[in-house]
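Shown next, in structure tokens, is the structure this report addresses.
The values are calculated or read from the model by the stated rules, or taken from the named source; none is laboratory data. No experiment lies behind these values; they were computed from the predicted model shown. Cβ coordinates were reconstructed from backbone atoms using ideal geometry, including for glycine residues, and neighbour counts include every protein chain displayed. Ligands, DNA and RNA are excluded from the accessible area calculation, which covers all protein heavy atoms including side chains. Shrake-Rupley method; radii C 1.70, N 1.55, O 1.52, S 1.80 Å.
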Amino acid sequence: MKNMEFVESISQEQFQFVQKDAQLRDHKLETKARGYIGDAFVRFRKNKSSVIAAWVLLFLLVYAFLAPIVSPYTLDDTDGVYYNAPAFIPAIAKLNLGIMDGSRTLPSQTQDSLNAWRGIAEETGYDPVLGIVDTRVETILYRGQEVERTTYTIETNRYYEPGVMYRTMSYEEFEKVQQWQNETGIQVIYPYVDPEDINGISDMPNVWYKCDNKGTPKLDKDGNLVPVYSTRTHKAGAEYNSLRIEGDDGSYVYSTAVSGAVKVRVCYYNYYQYKNGMEPTYLFGTDIVGRDLFSAIGKGARFSILFAICVSAINLSLGAVYGAIQGYYGGVIDMALDRVSDILSGVPFTVVATLFQFHLVLTGKASALEAFLFAFVLTGWIGMAALTRKLFYRFKSQEFVMAARTLGASDARLMFKHIFPNGLGTIITSCALVIPGVIGSETSLTYLGIVDLNAMVGCTLGTLLSSGQASMTTAPHAMLWPSVYFALLMICFNLFGNGLRDAFNPSMRGVED
Amino acid sequence: MFKYTLQRILYMMLVFFIITMMCFILVRMLPPLPLDPMRPETTVVAARREAMGYNKPYLVQFGIFLKNIFTDFNWGVSEKLYYGQEVVKVFVTKMPPTMLVNLYSILWTIPVGIGLGIFAALKKNSLIDYGISTLTMVTISVPSFVYAFLVQYFFSYKLSWFPFLMNSGEEYFTWPMFVSMLPAVLSLSFGTIAGFTRTTRAELTEVLTSDFMLLARTKGLTKAQATIRHAMKNCMVVVLPSIFGSFIGILSGSMIIERIFGVPGIGGLTLNAINGRDYNIFMLTTCFYTAIGLAASLVVDISYGFIDPRIRMGSKK
């Protein structure tokens with residue numbers, strides 16, 4: 001009442017018409033309409049862990065496809081000496097950062113073995129010893145007497161460790177090495193040491209100094225190693241007109257003759273450069289056969305991913321058709337088909353894969369890869385079929401289907417034109433969860449050696465893991481990198497797949513708080 | 001309920017029978033292994049082959065196979081790995097290690113997994129919940145052999161807490177044997193814990209938001225009482241069957257874990273039978289794995305039916 005009085009007290013002039021000239025109409029929507037995909041994308045982006053997983057996954061995929069291309073090595077580049085060798089990149093190693101320096105730890109080294117390492121360092125100029133980690137003095141019983149013995153734990157460069165090795169090469173190759181030496185100025189061939197000068201030792205190429213019959217160096221009174229390079233020219237294998245080492249007055253012999261070839265002492269690190277045209281460069285180190293792990297992981301992963309995509313594409317289509325028939329017709333057909341898939345899904349996958357290997361591969365009817373693919377296809381579609389069947393049950397009695405049927409659409413048209421597209425998002429996103437499953441079982445079976453794909457694809461993650469596990473204590477890196485890659489791949493695929501599934505699931509809209 | 005259970009069991013047996021027949025015929029179609037004439041057991045193996053009807057039609061062979069199993073549980077003799085020995089006897093000696101390793105693993109993963117799940121569900125949408133959930137997801141994704149590598153490298157090699165491989169021998173209940181089983185037990189546990197945590201959390205968060213929980217609180221129950229009496233009961237509808245399923249699954253073991261830790265179990269036996277092509281052993285382990293798989297799903301189905309009458313799969317009523 002009070003208000004009314006207040007209003008009445010306002011004079012007429014103070015009022016004015018609102019919208020006297022304006023026309024009333026709806027505003028045009030200024031926001032953009034969001035489609036199904038866009039909507040899903042918005043929801044996907046809200047899920048932080050899935051987004052991170054997607055980026056990591058992208059990185060892993062790029063790695064798998066680029067690594068074998070970028071790497072200077074191929075799978076056939078195996079090295080008989082630098083196997084199970086840790087990561088080494090010469091440029092980084094020179095910075096002494098403690099990474100990528102090919103280092104490994106060797107326990108219980110004695111003073112004598114330190115002298116042997118010193119021998120390698122002095123001769124080749126590459127010092128294998130990176131540093132002494134630990135010194136331990138212990139009293140041991142030696143021939144009834146207590147003797148104090150010092151042992152060292154040292155860090156060595158795995159690539160400098162081999163030092164000098166014997167190599168038997170033809171005369172032509174010997175010439176070629178000399179030529180290469182002249183061109184590059186890198187000493188590969190070192191003067192020959194005759195076993196007669198070192199107490200008949202013939203299996204220790206790194207001995208070039210005076211020693212006892214076990215190869216333990218005898219130092220002169222200044223504590224230096226005394227070289228005993230061969231000067232017996234009558235034993236020389238071939239003429240040598242190339243780089244000579246420091247302190248050589250031209251009398252040293254650089255090779256010896258062995259039945260139609262020459263035996264020489266080569267510094268392996270430099271010999272490697274001669275053979276490969278570059279210093280050993282292994283970002284992840286090498287595996288048990290001396291392969292570059294960096295490219296091997298990429299190669300194995302590339303195969304796994306392509307194989308998994310292939311398998312899920314086949315299973316997706318098979319399962320979709322099967323499930324569509326089941327769900328659409330229902331009744332007796334559904335039941336009969338369900339029994340078939342029940343039986344197939346009851347067979348353990350290992351058994352299926354094994355039987356396929358036995359029947360197709362051992363008899364030579366198909367390659368291991370084909371048999372493996374068949375095994376995956378035989379039972380892999382069942383999950384997809386169940387999913388499609390469920391979707392069909394949900395959609396087939398809806399009005400739009402009845403409308404299409406009234407208009408005379410055939411069964412096939414109803415199934416794949418009208419019903420199927422409704423479930424496409426769900427079906428395709430479930431693929432993102434099928435792929436890691438396939439990769440997982442593929443890796444397990446190749447790891448166990450039930451399926452041997454090495455002849456077909458060179459290496460798989462499974463075989464890399466298996467060989468890495470065998471040398472776990474001596475070369476942990478050979479197990480580490482494939483495991484890390486594999487674990488990351490599985491985690492990211494699963495997180496990504498889950499995020500995708502939730503994002504494409506319309507019932508999740510607006511639930512997140 | 002009785003009828004439903006009977007139906008499920010009969011159906012599973014039918015499926016099992018068909019799978020066995022398929023695998024049997026596929027295995028028999030393979031060329032038999034050549035026998036080593038120098039070994040004394042060869043006469044036994046050859047006689048057994050004759051008795052099992054090696055040159056008769058496959059269905060007749062299958063009949064003989066079934067007859068042998070039903071009359072005196074005879075699965076044939078090993079033709080390669082344990083030359084001339086009864087397959088069943090070999091198999092039985094391999095059972096205890098596999099079962100023990102898996103049993104130990106299950107026994108401690110169930111309380112831990114469910115506990116973590118409940119904890120995460122009660123702290124829903126807190127930092128702890130996000131932490132547990134993400135960790136669970138990550139743990140489930142990583143295959144068990146990566147854990148096996150980690151366990152073997154750190155616990156067996158670096159710290160030398162456990163031996164690298166499981167001890168051989170038949171004394172399964174001694175302390176050193178138990179310690180030597182632990183790496184395998186640990187490696188198997190991560191995934192199982194994560195699995196239980198995920199199921200429990202997902203189920204409990206849903207139950208906790210139900211109206212009856214609100215009612216329970218309004219009638220005066222404390223949060224703990226309401227959770228234990230009302231929420232847990234409903235949550236167990238899903239969790240219990242998965243526990244039963246896992247218990248059946250403990251029999252089958254894991255080939256990879258058994259190989260890495262040298263567990264002298266069924267997984268290793270299967271693997272050796274495959275690589276050595278000892279078909280009779282392979283046949284037995286195939287049937288075994290199939291039966292375990294079917295039994296696990298059967299138990300899950302039936303226990304669902306028992307616990308929650310609303311879901312009686314396949315039942316007409």
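Restricting the GluC sites (Glu not before Pro) of region A:5-103 to loop positions (DSSP other than H, G, I, E, B) with no more than 12 neighbouring Cβ atoms within 10 Å leaves A:Glu30.
For the protein assembly as shown, the Cβ-based charge dipole about the Cα centre amounts to some 3960 debye (Lys, Arg positive; Asp, Glu negative; other atoms uncharged).
Peptide B:19-27 is shielded by partner chain Cβ atoms: per residue, an average of 3 of them sit within 10 Å of its Cβ. For region A:352-405, the share of alpha carbon pairs falling in successive 5 Å distance bins from zero is 4, 19, 16, 11, 9, 9, 8, 7, 7, 7, 2, 0 percent.
Annotation: peptides A:376-382, B:207-213, A:322-328, ranked by per-residue average of other Cβ atoms within 10 Å with the highest first, follow the order A:322-328, A:376-382, B:207-213.
Debye-formula intensities of region A:179-255, expressed as log10 I(q)/I(0) at q = 0.11, 0.15, 0.17, 0.26 Å⁻¹, are -0.31, -0.57, -0.71, -1.24 (one equal scatterer per alpha-carbon, no solvent).
Working from Cα pairs under 8 Å separated by at least six residues, relative contact order for region A:90-157 is 37 percent.
Whole-Hz Karplus values for region A:282-294 come out as 10, 5, 10, x, 10, 9, 5, 9, x, 9, 5, 5, 3 Hz, taken residue by residue from phi with 6.51 cos²θ - 1.76 cosθ + 1.60 and θ = phi - 60°; glycine and proline positions read x. Judged by the gyration tensor of its Cα atoms, with axes a ≥ b ≥ c, region A:244-326 is prolate; a/c meets the 1.5 cut and a/b is the larger of a/b and b/c. Our coupling estimate for region A:135-148, obtained by passing each phi through the Karplus curve with A = 6.51, B = -1.76, C = 1.60 and θ = phi - 60°, is 10, 10, 9, 9, 9, 10, 8, 10, 6, x, 10, 7, 10, 8 Hz, Gly and Pro reported as x. For A:Tyr209, the residues whose modelled amide H falls within less than 5 Å of its own, excluding neighbours fewer than 5 places apart on the same chain, are A:Val228. Quick check on chain A: helices-only [θ] at 222 nm, where DSSP H runs of length 4 and up contribute -39,500 (n - 2.57) each and the sum goes over total residues. Nearest 500, please. Calculated mean residue ellipticity at 222 nm is -16000 deg cm²/dmol. When only the Cβ of Lys, Arg, Asp and Glu is charged (+1, +1, -1, -1), the dipole of region A:164-276 relative to its Cα centre reaches about 260 debye. Inter-chain neighbour count for A:482-493: the average number of beta-carbon atoms from partner chains within 10 Å of each residue's beta-carbon is 4.
In terms of its alpha-carbon gyration tensor, region B:175-317 comes out oblate; a/c meets the 1.5 threshold, while b/c is at least as large as a/b. All C-alpha to C-alpha distances of chain B, sorted into 10 Å bins beginning at zero, yield P(r) values of 5, 20, 25, 24, 16, 7, 3, 1, 0 percent in whole numbers.
Rounded to the nearest whole angstrom, the semi-axes of the ellipsoid equivalent to chain A, taken from the Cα gyration tensor as √(5λ), stand at 71, 34, 22, largest first. Rg over Rh for region B:26-112 works out to 1.14, using Cα positions for both radii and the Kirkwood form for Rh. Kindly identify residues of region B:140-154 having a loss of at least 50 Å² in accessible area between the isolated chain and the assembly of all protein chains, probe radius 1.4 Å. Listed by number, the residues meeting the 50 Å² cut-off are B:Ser141, B:Phe145, B:Phe149, B:Tyr153.
Accessible area per residue (1.4 Å probe, heavy atoms of protein chains only) ranks B:Leu116, B:Leu284 as B:Leu116, B:Leu284, with the largest value leading. Over all directions, the projected convex hull of the C-alpha atoms in region A:311-389 averages 5.1 nm² in area. Take chain A with all the other protein chains still there, run a 1.4 Å probe, and you get 52 Å² of accessible area per residue. Averaging 1/r over every pair of different alpha carbons in region A:90-157 and inverting the result gives a Kirkwood radius of 13.4 Å. Counting only protein chain heavy atoms and rolling a 1.4 Å probe, the accessible areas of A:Phe284, B:Phe155 rank, largest first, as B:Phe155, A:Phe284. Counting, for every residue in B:275-288, the Cβ atoms of other protein chains within 10 Å of its Cβ and taking the mean gives 2. Sequence-distant or interchain residues sharing an amide H contact under 5 Å with A:Val129, placed H: which? Here the answer is A:Asn157, since their amide H atoms fall under 5 Å of that of A:Val129.
Projecting the Cα positions of A:Val226, A:Thr124, A:Tyr485 onto the charge dipole of chain A (unit charges on Cβ atoms of Lys, Arg, Asp and Glu, taken about the Cα centre) puts A:Tyr485 furthest along the positive direction. Translational diffusion of region A:167-216 was estimated from the Stokes-Einstein equation, with Rh taken as the Kirkwood radius over Cα pairs; at 37 °C and 0.692 mPa s the coefficient is 261 µm²/s. Each residue, A:Val62 and B:Asn125, gets one label point 7 Å from its Cα in the Cβ direction; the gap between the two is 3.6 nm. Chain B and chain A together bury an accessible surface of about 3400 square angstrom, both sides counted, with a 1.4 Å probe and no ligands or nucleic acids included. For region A:40-144, the spherically averaged projection of the C-alpha convex hull amounts to 13.5 nm². Accessible surface for B:Lys158 stands near 120 Å², nearest 10, in the context of the full protein assembly shown (1.4 Å probe).
Full extension of the chain segment joining A:Asn241 with A:Asn505 gains 87.3 nm, where the gain is 0.36 nm per residue of separation less the Cα-Cα distance. Only one residue of B:Phe244, A:Thr406, A:Val164 has its Cα farthest out toward the positive end of the dipole of the protein assembly as shown, where Lys and Arg carry +1 and Asp and Glu -1 on Cβ, and that residue is A:Thr406. Apply the membrane-span-like helix rule to chain B: whole DSSP H runs, Cα extent along the own long axis of at least 30 Å, mean Kyte-Doolittle hydropathy at least 0.5. List the helices found. Span-like helices, by this rule, are B:2-28, B:87-122, B:175-208, B:279-307. Computed about the Cα centre, the dipole magnitude for region B:168-317 is approximately 840 debye when only Lys and Arg (+1) and Asp and Glu (-1) carry charge, each at its Cβ. Note on A:Thr474: accessible area is roughly 90 Å² with a 1.4 Å probe, heavy atoms of protein only. For chain B, adding -39500 (n - 2.57) for each run of n ≥ 4 DSSP H residues and dividing by the number of residues yields -23500 deg cm²/dmol at 222 nm.
For chain A, the relative contact order is 18 percent, taking Cα pairs closer than 8 Å that sit 6 or more residues apart in sequence and dividing their mean separation by the residue count.
Computed over the Cα atoms of region A:1-76, pair by distinct pair, the Kirkwood hydrodynamic radius stands at 20.2 angstrom. Computed with a 1.4 Å probe over protein heavy atoms only, the accessible surface of chain B comes to 49 Å² per residue. Across all directions, the average projected area of the convex hull around the alpha carbons of region B:2-72 is 6.2 nm². Split the accessible area of the protein assembly as shown by element, probe 1.4 Å, and carbon with sulfur accounts for 62%.
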